[in-house]
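Pasting in a structure now, in structure tokens, and then I'll have a few things to ask.
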Amino acid sequence: VQVWNHDRNDRVTVHDYGDPCEGLRPVQIVAAKNGSFCGQVVVSSNAAISGVKVTPGELKGPGTIPAANVAVLYGRMDFRERKIGTWCDSLAGKPVTEVPVSKEGGSATLPLLMRVKIPADAKPGMYKGNVAVSASGENVSVPLEVEVHDWKVPDPKDYRTYMGIYQSPTSVALQYKVDMWSDEHWKLVEKSVAMLSRVGNKMVNIPVVEQTQFGNDRGFVTWVRKADGSYDHDISVVEKYVGMALKHWGGLDYVTFQIWHAAGGGGKGGWDTRPADTKCTVTVRDEKTGKYESMQVPVFGSEESRKFWRPVLAKIHASLEKMGVEKGMCVGILSDSTAPNGVFEMFNDVFPG
């Protein structure tokens, strides 16, 4: 088993190994107050790696940076065939039970990323500590040195770079094999939303219609068919999702509602504009039976379409107004193409602005 230094900016591949003539050096991180900064070591072996445990200690200097501020993320090697080799392409919050030997590289490889969150009130200076690494029965103490400079990184919500990343509840359900909108799913979605707070995300995307480019089978809004044939609108998922984003991000510039399908459906293929009568369905639940089905929306631009969209958009807007984000309500998304003029005219008439 080897534990060796590896530059954070250099991709780790299964062909890498530590120089046996070079001892383990301190992981050196240059940092500023209120920011998160990373360093890296790699564990490798010519046999499978098991029993991995990494325990950070506190950092001492002009003050103390608690051990809880040192997060350890575990690299996962992507074993798909690649022309330039197999490398670490993702990070996990906990190690796998066993890191196998790569057939391509002939060794087992586990990058360890150490992310240090510097307190906003930290005193500038050099902080030193150790991170205990155990793997396959071997124990190694990794020195960690963090040089904190007297400059404060803004809170993510105040970053000047605009971040509008799509968080995907559907992807979360698929990755962790849970039912959409189950209690377990919501817990995982919230964790994903919370992670985006670290980059200062300012936008949520809501697929109202089914089978959009964002991979959703069902819409996030449900049309509820009543006994008399009329419809109500269940927007509880939208309200919970937007509320979750506000809780973790502190604000939202845009709440976008996917009502119009992106390009590629005009019958010619490619990225041509979809016609106003394109296939576009919403999710319907029968109030009496509880059964779900899909319903084609009226032709965009028609009077029937105006009557169809006006009440649901009004209900959504009223809910967003209570949350204080109604000015960020947007209808979309056009993607790489546009829509017929009648679509714009209709939505401007139904909901001006």
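The values are calculated or read from the model by the stated rules, or taken from the named source; none is laboratory data. Note that the structure is predicted; figures quoted are calculated from it, not measured. Please note that ligands, DNA and RNA were not included when accessible areas were found on the heavy atoms of the full protein model with its side chains. Shrake-Rupley method; radii C 1.70, N 1.55, O 1.52, S 1.80 Å.
Which value results for Rg/Rh of segment 139-202 when Rg is the Cα radius of gyration and Rh the Kirkwood radius based on the inverse mean 1/r?
Details: Rg = 17.4 Å, Rh = 14.8 Å.
So for segment 139-202, dividing Rg by the Kirkwood Rh gives 1.18.
Quick check on the chain: helices-only [θ] at 222 nm, where DSSP H runs of length 4 and up contribute -39,500 (n - 2.57) each and the sum goes over total residues. Nearest 500, please. Could the numbers behind the result be given before it?
On the way: 5 runs with 67 residues, N = 353.
Rounded to the nearest 500, the figure is -6000 deg cm²/dmol.
I've got another one for you. Please state, as a whole number in µm²/s, the translational diffusion coefficient that the Stokes-Einstein equation yields for segment 23-117 at 10 °C and 1.306 mPa s, with Rh defined as the Kirkwood radius across alpha carbon pairs. Mind showing how you got there, number by number?
On the way: Rh = 14.9 Å.
Answer from the Stokes-Einstein relation: 107 µm²/s.
Heavy-atom accessible area of Arg306 with all protein chains present, probe 1.4 Å, nearest 10 Å²?
40 Å²
Moving on. Computed on alpha carbon atoms, what radius of gyration and Dmax characterise segment 1-77, expressed in Å?
Radius of gyration, then largest Cα-Cα span, for segment 1-77: 14.2, 42 Å.
Here's something else I'd like to know. Top mean-square fluctuation among Thr97, Thr256, Thr278, Gaussian network model of the chain, C-alpha springs under 10 Å?
Its mean-square fluctuation being the largest, the pick is Thr97.
Taking all pairs of different Cα atoms in segment 276-323, averaging 1/r and flipping that mean, what Kirkwood radius in angstroms comes out? Don't jump to the answer; show the numbers that get you there.
On the way: mean 1/r = 0.0804 Å⁻¹.
In segment 276-323 this quantity evaluates to 12.4 Å.
Still on this model: In Å, what Rg and Dmax follow from the Cα atoms of segment 198-353?
For segment 198-353, the Cα radius of gyration and maximum Cα-Cα distance read 15.7, 48 Å.
To continue, here is another question. Report the far tail of the P(r) of the chain, meaning the percent of Cα-Cα pairs longer than 36 Å. Please report the intermediate quantities before stating the final value.
Working: 24881 of 62128 pairs.
Summing the P(r) of the chain above 36 Å gives 40 percent of all pairs.
Which one of Gly63, Gly251, Gly93 has the biggest mean-square fluctuation once the chain is modelled by GNM with Cα springs under 10 Å?
Among Gly63, Gly251, Gly93, the largest GNM mean-square fluctuation belongs to Gly93.
Over segment 36-143, what percent of the accessible surface lies on carbon and sulfur atoms, probe 1.4 Å? Before the final figure, lay out the partial values.
Numbers: 2790 of 5390 Å².
Taking all protein chains in place, segment 36-143 shows 52 percent carbon and sulfur surface.
Taking the chain as a Gaussian network, Cα atoms linked when under 10 Å apart, which of Asn341, Asn201, Asn34 shows the biggest mean-square fluctuation?
Per the Cα network of the chain with a 10 Å cutoff, Asn341 tops the list.
Once the whole set of protein chains is in place, how much accessible area is left on Cys330, using a 1.4 Å probe, in Å² to the nearest 10?
Solvent-accessible area, nearest 10 Å²: 40 Å².
Next question. In the chain, what % of DSSP beta bridges are antiparallel (nearest 5)? Let's see the in-between values first.
Details: 53 of 74 bridges.
Restricted to the chain, the bridges split so that about 70 percent are antiparallel.
Let me ask something else about it. Per residue, how much accessible area does the chain show when a 1.4 Å probe rolls over the protein heavy atoms, in square angstrom?
Working: 18740 Å² over 353 residues.
Per residue, the chain has an accessible area of 53 Å².
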